[in-house]
1. Based on what the data block shows, is Ala194 surrounded by 21 or more Cβ atoms within 10 Å (Cβ to Cβ) and of a type in the set (Gly, Ala, Ser)?
2. Could you give every pair whose Cβ atoms fall below 7 Å, whose first residue belongs to segment 216-237 and is among the aromatic types (Phe, Trp, Tyr), and whose second residue is open to solvent by 50 Å² or more (accessible area, probe 1.4 Å), counting only separations of at least 6 or pairs across chains?
3. Could you list all residues from segment 28-42 that are surrounded by 15 or more Cβ atoms within 10 Å (Cβ to Cβ), without any contact (Cβ under 8 Å) to a residue 60 or more places away in the chain and away from the ligand (no atom under 12 Å from the Cβ)?
4. Going residue by residue through segment 73-83, is there one that turns out to be within 13 Å of the ligand (Cβ to nearest atom) and in a loop (DSSP other than H, G, I, E, B)?
5. Which of the residues that make up segment 18-48 are at pLDDT below 95 and not small (Gly, Ala, Ser)?
6. Which strands (runs of 3 or more DSSP E) sit wholly inside segment 84-183 and have at least 3 residues that are within 16 Å of the ligand (Cβ to nearest atom) and farther than 26 Å from Ile245 by Cβ?
Amino acid sequence: MKLFDTHAHCDDMRIQNEFEGGTRGYIRHQLENGVVNIVNIGTNLDNSKVSIGLCEEFDEVYASCGIHPYDIRFYDDIDATLLSLEELLSHKKVVALGEIGLDYHYEDSDYKKQMDFFIKQMELAKRLDIPVIIHDRDAHGDCMDVIRRFPEVTGIFHSYSGSAEMARELIERGWYISFSGPITYKNAKKPKEACAICPLDRILIETDAPYLPPTPYRGQMNHPCYVIKTAEEIASIKGLTLEEIANITYENATKVYRIK
Ligand code: NI
């Protein structure tokens with residue numbers, strides 16, 4: 001059985017501080033506990049560089065680089081920031097531009113600046129022909145508007161929280177839908193409904209570790225090896241075995257990230 005955690009933040013401060021052996025010990029622990037591959041996700045220029053360092057050190061780890069809507073606060077000059085980002089994206093183990101997108105959860109964020117960063121990073125993805133990883137929190141309508149403006153750009157909707165109807169449109173447009181810990185929560189109607197209509201060849205699994213722990217680990221730190229819990233839930237929704245879902249989502253991950 002092959003498990004691919006398509007989205008984790010192994011360099012997160014919580015892991016560095018709380019896990020014995022820090023980020024490197026943490027990654028080794030995941031690989032010893034059933035995870036075959038991990039994409040370590042960047043959210044700003046600094047941790048995108050750290051992700052590249054990790055993928056150079058571990059054969060099993062790949063990197064994504066991008067500016068997350070929370071982290072736009074670190075940057076005033078979008079063009080200069082994206083020039084540095086473009087350089088990072090040329091690394092051979094950087095498999096996606098992300099995570100990028102919109103987050104309307106916190107009212108004190110600059111939504112216009114979020115949109116500017118999102119659109120400029122979509123333009124960059126189009127020019128470089130690289131898949132993107134979308135972070136969409138409480139911003140489904142505006143995210144979809146941007147997606148529709150860039151039909152050439154596809155990739156992953158990460159930790160999917162939209163409706164089944166929105167998933168259907170994304171699938172028609174060539175996108176992959178990635179499910180995380182919350183799909184295992186009893187009251188998580190929307191991700192379960194979206195998963196039910198999602199064709200098998202477009203489903204991915206992820207943890208978003210150290211965030212979003214699945215049942216029964218709620219309230220604890222999340223780990224890439226817990227991705228098996230999300231795979232189990234999807235297997236039960238789809239009426240397949242855990243092993244089938246693990247192997248299908250593994251194949252899908254290598255396709256979306258263009259890993260040979
Ligand atoms: Ni994330």
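1. Yes; evaluated as a whole, the condition is true for this residue.
2. Here the result reads Tyr226/Tyr217, each pair linking segment 216-237 to a residue that is open to solvent by 50 Å² or more (accessible area, probe 1.4 Å).
3. Residue satisfying the conditions is Leu31 alone.
4. Looking for residues that are within 13 Å of the ligand (Cβ to nearest atom) and in a loop (DSSP other than H, G, I, E, B), one finds none in segment 73-83, hence no.
5. Passing the criteria: Glu18, Phe19, Glu20.
6. Working: elements: 94-103, 132-137, 155-157, 176-179.
In segment 84-183, the matching strands (runs of 3 or more DSSP E) lie at 94-103.
The values are calculated or read from the model by the stated rules, or taken from the named source; none is laboratory data. Since the structure is predicted, the reported quantities are computational estimates derived from the model, not experimental observations. Note that each Cβ is placed from the backbone with ideal geometry, even for glycine, and that neighbours are counted across all protein chains shown. When the accessible area is computed, the model is the full protein with side chains, heavy atoms only, and any ligands, DNA or RNA have been set aside. Shrake-Rupley method; radii C 1.70, N 1.55, O 1.52, S 1.80 Å.
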